Structure formats: C-alpha cells, structure tokens
Amino acid sequence: MGRFNWNDSINLLSKLTLQRAWNATKVLSSYYVSRILKRPVQWGFPVSISFEPTTSCNLRCPECPSGLRSFTRPTGMLKKDFFSETIDQLSKDLFYLVFYFQGEPYLNPGFLDMVRYASAKKIYTATSTNAHYLGDENAKQTIASGLDRLIISIDGTTQEVYKKYRVGGQLDKVLEGAKNIVKWKKELKSKTPFVIFQFLVVKPNEHQIEDVKKLAKEIGVDDVWFKTAQIYDFEHDPNKLIPSIDKFSRYKKTAGGNLFKGNLSNHCWRLWHDPVITWDGLVAPCCFDKDARHQMGDLKQKSFKEIWKNGEYAKFRTKIMKGRKNIDICANCSEGTKVWGNS
C-alpha cells in the first residue's frame with residue numbers, strides 16, 4: 001500500500017492470536033480450493049469486516065451515495081448494543097475491523113465507544129474520515145479509544161481545489177483536525193493511530209500530488225495514499241473527474257468513450273474474507289454494494305455465523321465464479337486497480 005512502517009506492522013501483528021491465524025489459514029485455503037475446483041468452498045469466518053457507523057455525511061461529494069443523498073436503503077445510525085452483540089460473536093476469529101462503509105463515522109455519537117469496545121478485544125481497528133469533527137477533545141478521545149489506523153480524506157491542498165470534490169467542505173478544518181491528532185499522539189505518548197492522508201486523484205487535483213506529500217510532512221502524518229476514483233457514469237464522466245494521468249485512473253479513453261481498465265477475473269478474495277455490515281444489520285458481500293442490494297442476510301433475523309454459511313452466500317460466490325462481469329457491483333470494481341503512493 002504505502003511506505004512500510006515498523007510501528008504499524010508490529011501493532012498489526014500483535015493482534016494475531018493462534019485462533020485468528022488458524023482461521024485466516026482456513027479462509028485463505030478455502031479461497032484457493034474454490035478457484036481450483038471452480039465452485040465455492042468456505043472454511044472459517046471473516047478475517048476482516050467493514051461495519052457502517054452511519055449513512056449520514058456533512059459533505060456533498062459528487063460520486064458518493066452519502067453525499068448525493070441517493071440511497072434506496074434506509075439511512076440511520078449504528079447502535080452500540082447491536083454492534084457489541086455482533087462483535088461478540090466474531091471477535092475470537094476477527095483480526096481487522098473497519099469502521100466505515102458510507103457516511104462520516106464521527107457523526108455517530110457512539111462511534112468512539114464502539115472503537116474502544118473492539119480495541120479491548122484486541123482487534124485491529126481502522127476508520128476513514130473527512131476530518132471535520134476532529135476538534136481538540138474529539139482528537140484526544142480518538143487517541144484514547146485505541147484506534148489503530150486513521151485515514152483522513154484530503155483531496156486538495158488549497159480550498160479552491162479541495163471543494164471541487166469535497167463539496168461543502170473546509171480544508172482548514174481538515175488540516176486543523178490532522179494537527180490535533182498528531183498533537184495528542186505526542187501528548188499521550190501513543191504510537192497509534194497510524195495516520196494517513198488519502199488523496200483521491202481526480203482531474204481537478206492531479207496537479208497537487210507533490211504538494212500533498214509536502215503538506216503531510218509538514219503536519220507530521222505517517223503516510224500518504226493515492227487512490228483512484230470510482231466514477232459511476234465513467235463512459236461520459238459528466239463531472240469531468242477522470243484524471244489525465246493514466247496510472248491514477250481506473251479508466252482508459254477511447255474514441256467511443258471511456259472504458260474500465262479492470263481485469264474482471266471470475267474470482268474475488270473479498271467474498272471469502274471481508275463482508276460489509278450496514279448500520280441496520282444487513283450483510284452485503286463487499287464495499288461496492290453501496291445500497292446493499294445483494295443482501296446475504298439480515299442480522300436482525302439470524303446470527304452472522306448462520307448468514308456466513310447460508311445458501312445466499314453460496315449462490316453469490318457461485319455467480320462470481322461463473323461470470324463476474326455480469327454482476328452490476330463488479331462492473332466498476334477497483335480490485336487490482338488501486339494505486340497507492342507514499343509520502
């Protein structure tokens with residue numbers, strides 16, 4: 001991904017137990033056995049899970065369902081009790097927990113309490129934020145929560161450029177939030193969270209790639225990641241977001257319009273190890289199913305372990321192995337096409 005960091009790597013490995021290592025071995029083995037047999041085999045339980053704290057967001061980003069307020073599913077906030085009950089089922093096998101799917105996590109008032117709960121179970125925790133809510137006290141509580149990784153979206157190094165994608169956002173708040181986090185890490189003598197500036201490369205900001213590296217160094221964040229943008233209507237690109245720098249684009253320009261570069265092989269590692277749970281308990285196959293249209297189950301009706309082993313998951317994995325390009329959420333998937341850079 002980005003530059004190798006000893007502190008983060010050691011911290012990540014410190015979460016590994018014999019049971020989690022054995023579970024990961026089973027999951028990985030079943031994935032490769034499935035590819036050989038060309039039919040789904042599933043051993044073990046998820047190595048990683050993305051849990052959605054909320055669908056709400058303060059910004060209006062043009063290629064985001066939260067920003068566009070365009071969800072067809074219900075919107076709301078994850079409840080702490082529901083979260084803890086689910087984590088209790090999975091914590092012995094679960095290694096990595098992402099507090100993010102759609103929305104801005106810090107808008108959920110119980111967000112950091114949930115981070116504390118997962119951290120107490122020695123699960124590696126990560127989140128992604130637009131950093132508008134990292135005031136002094138929130139930054140201090142973030143460090144105290146035990147959060148292991150904090151991704152801060154910063155898609156421009158000047159307000160004029162930043163607001164072209166982060167519509168309604170204030171860059172000075174983002175920078176202030178990042179500085180607060182760095183300050184409290186030092187004050188509390190904490191090695192966590194590992195702080196990342198994530199730069200979504202789009203046409204309006206591609207000229208600031210070197211600038212964001214310098215800015216990260218000045219503030220003292222740990223790394224910079226560059227991410228390719230998912231464009232829903234990539235054939236026409238109505239918002240003119242596809243960058244001209246080829247290595248930072250998921251798409252290639254042709255005389256007939258833009259084409260997706262991705263190689264949609266008929267397998268997907270995410271389907272074996274990394275499901276998504278929405279704020280209200282719907283289990284989706286991966287983070288590209290923004291509206292949870294391909295529901296594997298509902299945690300209000302069944303336990304996660306029942307859902308993980310059920311017929312819907314087997315059917316969807318079979319579909320993937322028969323023809324991934326025929327599944328809507330796979331048609332624009334970045335699996336294998338992300339570009340990460342370091343500071």
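The values are calculated or read from the model by the stated rules, or taken from the named source; none is laboratory data. Note that the structure is a prediction, hence the values are computed from the model and not measured. Don't worry about glycine lacking a Cβ; one is built from the backbone with ideal geometry, like all the others, and counts go over all protein chains shown. Accessible surface areas use protein heavy atoms only, side chains included; no ligands, DNA or RNA. Shrake-Rupley method; radii C 1.70, N 1.55, O 1.52, S 1.80 Å.
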Exercise. May I ask you to list the residues in region 293-326 that are open to solvent by 40 Å² or more (accessible area, probe 1.4 Å), not in a helix (DSSP H, G or I) and not polar (S, T, N, Q)?
Key: R293, K300, K302, K309
Quiz item: Cβ-Cβ below 6 Å, separation at least six or inter-chain, first residue in region 175-189 and over 18 Å from T127 (Cα atoms), second open to solvent by less than 30 Å² (accessible area, probe 1.4 Å) and at pLDDT 95 or above: which pairs?
Solution: L188/I143
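For (1) surrounded by fewer than 20 Cβ atoms within 10 Å (Cβ to Cβ); (2) touching a strand residue (DSSP E or B) at 6+ places or on another chain (Cβ under 7 Å), each residue gets a yes or a no:
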| residue | (1), (2) |
| --- | --- |
| T55 | no, no |
| L68 | yes, no |
| F71 | yes, no |
| P74 | yes, no |
| K79 | yes, no |
| F99 | no, yes |
| P109 | yes, no |
| Y117 | no, no |
| I123 | no, yes |
Quiz item: Which pairs have Cβ atoms under 6 Å, sit 6 or more apart or on different chains, and link a residue in region 10-27 that is touching a residue at least 60 places away in the same chain (Cβ under 8 Å) to one that is crowded, with 16+ Cβ neighbours inside 10 Å and β-branched (V, I, T)?
Solution: A24/V47; V27/V47
Exercise. Specify which of the listed residues (S91, S48, S9) is in contact with an Asp or Glu (Cβ under 8 Å, 6 or more places away or on another chain), among the hydroxyl-bearing types (S, T, Y) and open to solvent by less than 40 Å² (accessible area, probe 1.4 Å).
Key: S48
Quiz prompt | Residues that are open to solvent by 40 Å² or more (accessible area, probe 1.4 Å), in contact with a strand residue (DSSP E or B) (Cβ under 8 Å, 6 or more places away or on another chain) and more than 13 Å from E52 (Cα to Cα), drawn from region 259-292 | solution = L259, K261
Exercise. Can you tell me which residue among I196, I231 is under 21 Å from A131 (Cα atoms), within 20 Å of the chain's Cα centre (by Cα) and outside any helix (DSSP H, G or I)?
Key: I196
Quiz prompt | Some residue of region 212-226 being touching an Asp or Glu at 6+ places or on another chain (Cβ under 9 Å), assigned to a helix (DSSP H, G or I), buried (at least 18 other Cβ atoms within 10 Å of the Cβ) and of a type outside the set (V, I, T) | solution = yes
Quiz item: Which of the residues that make up region 12-45 are open to solvent by 30 Å² or more (accessible area, probe 1.4 Å), at pLDDT 95 or above and assigned to a loop (DSSP other than H, G, I, E, B)?
Solution: L16, T17, W43, F45
Exercise. Sort through E206, E210 and tell me the only one that's more than 24 Å from A331 (Cβ to Cβ) and in contact with a Pro (Cβ under 6 Å, 6 or more places away or on another chain).
Key: E206
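So which of A331, A255 is of a type in the set (A, V, I, L, M), at pLDDT below 90, open to solvent by 70 Å² or more (accessible area, probe 1.4 Å) and more than 17 Å from the chain's Cα centre (by Cα)?
Sole residue among the options that is of a type in the set (A, V, I, L, M), at pLDDT below 90, open to solvent by 70 Å² or more (accessible area, probe 1.4 Å) and more than 17 Å from the chain's Cα centre (by Cα): A255.
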Quiz item: Before we move on, is R250 within 19 Å of the chain's Cα centre (by Cα) and open to solvent by 50 Å² or more (accessible area, probe 1.4 Å)?
Solution: no
